[in-house]
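The values are calculated or read from the model by the stated rules, or taken from the named source; none is laboratory data. From a predicted model like this one, the values you see are computed outputs, not experimental measurements. Counting neighbours? That spans all protein chains shown, and the Cβs are built from the backbone with ideal geometry, glycine included. Heads up: the accessible areas ignore ligands, DNA and RNA and are worked out on the full protein's heavy atoms, side chains in. Shrake-Rupley method; radii C 1.70, N 1.55, O 1.52, S 1.80 Å.
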Amino acid sequence: MQDIRCGQCNRKLAEGQIITIKIKCPRCHTLNSLSATRAEPERLRASPPRANHEQQSHHSVAGRQAPPG
């Protein structure tokens, strides 16, 4: 979240995320008009499970070296 402050006297008017807002400062009576310059990036989501996950999770023992002894 970001602080939303008056452009004239710098008083904190709100806190949050904005798209567009018009708010009048109670201290200096300045009408502040704000709008977002760009959208916030989406959060990354987990990848969907792969169809061949079971085949990849089983490791082959054919390539392993036999234990000494």
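Under a 1.4 angstrom probe, counting protein chains only, how are 20, 37, 30 ranked by accessible area, largest first?
Values: 20 105, 37 140, 30 40 Å².
Result, largest first: 37, 20, 30.
Stick to Cα atoms and the Kirkwood definition of Rh, then tell me Rg/Rh for region 1-40. Could you put the intermediate results ahead of the total?
Values: Rg = 10.1 Å, Rh = 10.4 Å.
For region 1-40, the value is 0.96.
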Obtain the nm distance between the two label points defined at residue 23 and residue 37 by a simple spin-label model: each point lies 7 Å from its Cα along the Cα-to-C-beta direction. 1.9 nm
